[in-house]
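Asks: Right, I'll just put the structure down here and ask away after.
The values are calculated or read from the model by the stated rules, or taken from the named source; none is laboratory data. If you're wondering where the values come from, they're calculated on a predicted model, not measured in any experiment. We place every Cβ from the backbone using ideal geometry, glycine too, and count neighbours over all the protein chains shown. Heavy atoms of the whole protein, side chains included, go into the accessibility calculation; ligands, DNA and RNA do not. Shrake-Rupley method; radii C 1.70, N 1.55, O 1.52, S 1.80 Å.
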Amino acid sequence: MSGTIKHPVFARIYARYAGPALERAGIGAHRDRLLATLTGEVIEIGAGNGLNFPHYPTSVTRVAAVEPEPDLRTLAKHAAHSAPVPVEVLEGRAEALPFPDGSFDAAVLCLVLCSVAHQDIALQEISRVLRPNGTLHFFEHVRSDSAALSRVQRALDATIWPLLAGGCHTARDSAAAITTAGFTITELDRFEFPETRIPMPAQTHILGTANRPT
């Protein structure tokens, strides 16, 4: 399985417009919550252009940041130079992580499970590279609680959204996928971000932690 997934148009749009827009909307506070309790050696899956890097606490001794999209990976390598912790950016896919079993104390998923081709395989791989007491820290947009909006999400996922958004799907139930993979969710916050008067397809988010399967 190749470690490269090319979405050059999406990569440029995300880096220049979507990413900065999310920062202006206040996503940094959620990144802080996602990463605050991390310690030791960490793998970040789908690191994008490295927007999480400034938010890592100094209790982290190493970050292995895996990113399959080459343009985003190049930007992430530049971002790693100014990170407060050591960050190594590598080519790789969530479904085939380039590390031995039990390599990390924790794994980070940030707006990633929406776009991986096979959630179940990706989560099995994360479990494999975590140490026995390892933890999964996740921040994902998921299927809406609104029946009407979830229908819109499913329609978008079946048509144009994945093509326009680098393989992203809006109606996935990522918390259920994490549980089905054998992880035990220990914290889970569900909220709308950004808060807008008009509902958006990728507005419902979850943020939490889970323990590695035993």
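Asks: Which ones in the stretch 63-75 are within 19 Å of L34 (Cα to Cα) and either assigned to a loop (DSSP other than H, G, I, E, B) or open to solvent by 70 Å² or more (accessible area, probe 1.4 Å) (or both)?
Replies: Within the stretch 63-75, just E67 meets the criteria.
Asks: Now, a different point. State all residues of the stretch 161-184 that are at pLDDT 95 or above, aliphatic (A, V, I, L, M) and more than 22 Å from I27 (Cα to Cα); if no residue qualifies, say none.
Replies: A176, A177, I178, A181
Asks: Here are some conditions: (1) within 16 Å of the chain's Cα centre (by Cα); (2) farther than 22 Å from E41 by Cβ; (3) of a type outside the set (D, E, K, R). A147 meets all but one. Which one does it not meet?
Replies: Failing condition for A147: (1).
Asks: Now a separate question. Among the residues of the stretch 186-212, which ones are open to solvent by less than 50 Å² (accessible area, probe 1.4 Å) and either closer than 25 Å to T37 by Cβ or of a type in the set (D, E, K, R) (or both)?
Replies: The answer is F191, F193, P194, T204, H205, I206, L207, G208, T209, A210.
Okay, residues lined up against (1) of a type in the set (G, A, S); (2) at pLDDT below 95; (3) at negative phi:
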position	(1), (2), (3)
L51	no, no, yes
T61	no, no, yes
P68	no, yes, yes
A80	yes, no, yes
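Asks: Something else about it: Can you go through H30, H78 and tell me which one is open to solvent by 10 Å² or more (accessible area, probe 1.4 Å), in contact with a His (Cβ under 9 Å, 6 or more places away or on another chain) and not in a loop (DSSP other than H, G, I, E, B)?
Replies: Just one listed residue meets the conditions, H30.
Asks: When both residues are 6+ apart or on different chains and their Cβ atoms are under 8 Å apart, which pairs have a first residue that lies in the stretch 17-30 and is at pLDDT 85 or above, and a second that is part of a helix (DSSP H, G or I) and open to solvent by 40 Å² or more (accessible area, probe 1.4 Å)?
Replies: Matching pairs, first to second residue: G28/H55.
Asks: If you go through the stretch 143-154, how many residues are open to solvent by 20 Å² or more (accessible area, probe 1.4 Å) and touching a Phe, Trp or Tyr at 6+ places or on another chain (Cβ under 9 Å)?
Replies: Qualifying residue count, the stretch 143-154: 0.
Asks: Residues in the stretch 33-55 that are part of a loop (DSSP other than H, G, I, E, B) and open to solvent by 40 Å² or more (accessible area, probe 1.4 Å): how many?
Replies: 4
Asks: Among T58, T135, which is the only one that is open to solvent by 30 Å² or more (accessible area, probe 1.4 Å), assigned to a strand (DSSP E or B) and of a type in the set (S, T, Y)?
Replies: T135
Asks: Assess whether L130 counts as being touching a residue at least 60 places away in the same chain (Cβ under 8 Å), closer than 25 Å to R33 by Cβ, crowded, with 19+ Cβ neighbours inside 10 Å and touching a Lys or Arg at 6+ places or on another chain (Cβ under 8 Å).
Replies: Against the criterion (touching a residue at least 60 places away in the same chain (Cβ under 8 Å), closer than 25 Å to R33 by Cβ, crowded, with 19+ Cβ neighbours inside 10 Å and touching a Lys or Arg at 6+ places or on another chain (Cβ under 8 Å)), L130 qualifies.
Asks: Is the stretch 130-147 home to any residue that is in contact with a Ser or Thr (Cβ under 9 Å, 6 or more places away or on another chain), of a type in the set (G, A, S) and within 22 Å of H30 (Cα to Cα)?
Replies: Yes, that holds for at least one residue.
Asks: E140 fails exactly one of the following numbered conditions: (1) open to solvent by 80 Å² or more (accessible area, probe 1.4 Å); (2) among the acidic types (D, E); (3) in a strand (DSSP E or B). What is the number of that condition?
Replies: (1) is the only condition that E140 fails.
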